[in-house]
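The values are calculated or read from the model by the stated rules, or taken from the named source; none is laboratory data. No experiment lies behind these values; they were computed from the predicted model shown. Note that we place each Cβ from the backbone using ideal geometry, even for glycine, and neighbour counts take in every protein chain shown. Heads up: the accessible areas ignore ligands, DNA and RNA and are worked out on the full protein's heavy atoms, side chains in. Shrake-Rupley method; radii C 1.70, N 1.55, O 1.52, S 1.80 Å.
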Amino acid sequence: MSFDSFPSKSPVPPRPLAEPKRVIDAVKLLRRSMSPLVIIGKGAANARAEQPIRRFLHLSGLPFLPTPMGKGVVPDDHHQCVAAARSIALLKSDTILLLGARLNWILHFGLPPRFRSDVKLIQVDIQAEELGNNVQTAVALQGDLQSVTKQLCEEWVKSGSHNSSSTEDLASWWEELRRKDKANRSHAKELSELDTVPMNYYQVFGEIKHHLDRDCYVISEGANTMDIGRTMLENFLPRHRLDAGTFGTMGVGPGFAIAAAMYAQTTEVHGKPPRVLCIEGDSAFGFSGMEYETACRYNLPIIFIIVNNNGIYSGVDGRTWTEFIQSNPTTKRA
């Protein structure tokens, strides 16, 4: 049997559109909202939908925030990004457009007290089984993220501004978001500029972020290291952040970093590949630290940073450690 008849690679899959009537309904709902919000998820990054999403945000002027691995689809320093005001944005929004974002634990399952009980959800997803998962959607748009977002752009332009919320309502919503965003950013900046020993997380990330290139691949894992790193380390390009994601597992960082470094060697910009940074807590390091040897063996240019907060979830106090040493025959012989 000859394999010459088989294609060398799988054909490009079709990009299905959403039902046009539902696209019209979605735009109407967004235009009538007094406190709208767009959430950009990992699915948008996987669909490579950054260009139509950026155009839709430009046309609509709506605030947005990304999920952890949706960061960079639109740059984190975009003027419509309200990630620093995430809590109040989720809590007070009356209509949310989910672009490839699923209502799992990362988004508190879309339930009170983190969300309004009467929030209206417009969900865009390629998989039908994810539509209406945990919370019933007001409008479900099944289709390819690129295709559906282009439909939303076309309908937004076509519909004009009639039947829209008043300018005053949206201005008030933006004012509230920006006030909270500014306060939270100011607080994080104050923490990052402290001069304490040991350093706090914000000091660590505050120093690191000043040395990151805009095209740097950021791999982050751990508990507080990953959670606070999500807010402090910005991403400007899609698919340039990897962390534990939906499963919340530890030990994935070094493997992700090795894969990113190998891929980065094929994507040189201005004569050099993008840098790869892997930053993890000491607990996360303990799960797969031997992979550092793999990275060294293959001479991969990865920057590893371990944020040591003294053991797995604070470690043990001095008295407990002394009692352990004195009572354990194995440690005595050692």
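Do the conditions hold for Pro75, that is, is it over 25 Å from Ser159 (Cα atoms), in a loop (DSSP other than H, G, I, E, B) and at pLDDT below 95? Spelling it out, it is not the case that Pro75 is over 25 Å from Ser159 (Cα atoms), in a loop (DSSP other than H, G, I, E, B) and at pLDDT below 95.
Those helices (runs of 4 or more DSSP H) of region 212-299 that lie entirely within it include none in which at least 3 residues are modelled with pLDDT of 90 or more, in contact with a Pro (Cβ under 7 Å, 6 or more places away or on another chain) and open to solvent by 10 Å² or more (accessible area, probe 1.4 Å).
Taking the conditions (1) farther than 16 Å from Trp156 by Cβ; (2) of a type in the set (Val, Ile, Thr); (3) outside any loop (DSSP other than H, G, I, E, B) in turn, Val27 satisfies each one other than (1). In region 87-100, the residues that are polar (S, T, N, Q) form Cβ pairs under 7 Å with partners that are in a helix (DSSP H, G or I) and open to solvent by 10 Å² or more (accessible area, probe 1.4 Å), at six or more places apart or across chains, as follows: Thr95/Leu29. For first residues located in region 9-22 and part of a loop (DSSP other than H, G, I, E, B), partners that are among the aromatic types (Phe, Trp, Tyr) and open to solvent by less than 100 Å² (accessible area, probe 1.4 Å) and lie 6+ apart or on another chain with Cβ distances below 9 Å do not occur.
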